[in-house]
Structure formats: structure tokens, C-alpha cells
1. Quick one: would you say residue 124 is of a type outside the set (A, V, I, L, M, F, W, C), open to solvent by less than 70 Å² (accessible area, probe 1.4 Å), farther than 30 Å from residue 22 by Cα and touching a residue at least 24 places away in the same chain (Cβ under 8 Å)?
2. Identify all residues within region 140-156 that are of a type outside the set (Val, Ile, Thr) and touching a residue at least 24 places away in the same chain (Cβ under 8 Å); write none if there are none.
3. Please enumerate the residues belonging to region 100-137 that are of a type in the set (S, T, N, Q) and closer than 21 Å to residue 45 by Cβ.
4. Restricting the search to region 163-194, which residues are open to solvent by 100 Å² or more (accessible area, probe 1.4 Å), assigned to a helix (DSSP H, G or I) and among the aliphatic types (A, V, I, L, M)?
5. Would you point out the residue of region 1-15, among those that are in a helix (DSSP H, G or I), open to solvent by 70 Å² or more (accessible area, probe 1.4 Å) and not β-branched (Val, Ile, Thr), that is modelled with the lowest pLDDT?
6. Checking the condition among the β-branched types (Val, Ile, Thr) and at pLDDT below 95, which residue from 173, 120 passes?
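The values are calculated or read from the model by the stated rules, or taken from the named source; none is laboratory data. What you are looking at is a predicted structure, and each value in this text was computed from that prediction instead of being measured. All Cβ positions, even for glycine, are placed from backbone atoms using ideal geometry, and neighbour counts span all protein chains on display. SASA here: full protein model, heavy atoms, side chains in, ligands and nucleic acids out. Shrake-Rupley method; radii C 1.70, N 1.55, O 1.52, S 1.80 Å.
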Amino acid sequence: GELTASIAQLTEEITELTKQVADTAGAVAKATDIRETEKAKNAATVKDAQEAQTAVAQALSVLKDFYDRAAEAIAFVQKPALGAPETFSAPYTGMGSESGGVIGMLEVIQSDFARLEAETESSEQEAGKAFDRFTAESAQDKAVKSTQLDHREKTRTKKKGDLQDTNKDLKATQGELDAALTYYDKLKPSCVDA
């Protein structure tokens, strides 16, 4: 009756808690895989951005050096001749950053890579924090449910023992009742005849 219903209820709760603990473990495993992939991708992006910034900085250095030397050479060669137009009065300095040319474009590219690096590092930190919060909450949830599961399993085991004891008592009582009825049946004729 009541014990059997209680055991069935506990069995149902144990099954559900076991499923929830397994689901939590599965979600953590999946999140861990996703996080490791994301972390590796972010690390590669940061590394690529750093290498690109170094390469662009080297290119800028080479170009600036080239333009400086070219300006000196042109200044040396371009002495204003008598009667020369005014456009030749200043040496040509190439496509420097003032005109936005190649150097300006490379500086923009360099800043884009620096921004990509910073944004990726920031995103990585936030993703790491979110993952840590998720795993901490999952661990706490798992611990609570595991404790509930353990409690319900112990309660079910006790109730199963109680049910066995009750069934034994019931059989013993039934045996005593059967013996008393048999004895009553034997005594009945002598009581009725008298």
C-alpha cells in the first residue's frame, strides 16, 4: 500500500535526478569542447594580429626609411634652376602619411590589427568568465542533485527493508491467525454441542 507507493515515487524521483545529473554533465562536456575550440581560435587570431602588426611595422619602417633617403637624394639633385617653375622648389617626398598614401594606408591597417587583437583578447576574457560561471553553477547544481539522489536512494532502501519486514510480519500474523482459526474450528464443535 503506502510503502509500495512511496517506493515507486522515490524510484521515479531517483530516475529523474539521475537524468538531470547526466544532462548537466553532458552540458558541461559540450560547453568545455566549445570553449576549448573558441579559446584556440581566439589565441590564433591574437597571434595572427600580433604577427601582422609586426610585419606592418617593419614595412612602415622600410618605407619611411626609403622616403627619407629618397627625399634627401631628390633634394640634393633638385637644386632649383634659374627660371624653373615653382613646383620644383620643394623636394618630392613620395606617398607619405601626409597625403594618406601607402604609409597612411599601412598605419590604418596596423591600427585595425591592433583593434582586432584588443577586441579578441577582451572577448576571450569575457568568454572565459562566462564559462567559469557556467561550470561553477553546474558543479553546484550537480552537487545538490547528487545529494538529493543519495538521500532518496537511502530512503528507498530503508522503505524497501520496511516493506520486507512488514510483509514478514504480515505472513507471521496471517500464520498465527490461520492457527487460531484452525484451533477455533476444533473447539467450536465441543462448545456448540455442550
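1. Numbers: of a type outside the set (A, V, I, L, M, F, W, C): yes; open to solvent by less than 70 Å² (accessible area, probe 1.4 Å): yes; farther than 30 Å from residue 22 by Cα: no; touching a residue at least 24 places away in the same chain (Cβ under 8 Å): yes.
No: the conditions fail for residue 124.
2. Listed by number, the residues that qualify are 141, 142, 145, 146, 148, 149, 152, 153, 156.
3. Filtering region 100-137 down to residues of a type in the set (S, T, N, Q) leaves 110-111, 120, 122-123, 125, 135.
110, 111, 120, 122, 123, 125 - these are the residues of region 100-137 that are of a type in the set (S, T, N, Q) and closer than 21 Å to residue 45 by Cβ.
4. Within region 163-194, 170, 192 qualify.
5. Only one residue fits best here, namely 2.
6. Residue meeting the stated conditions: 173.
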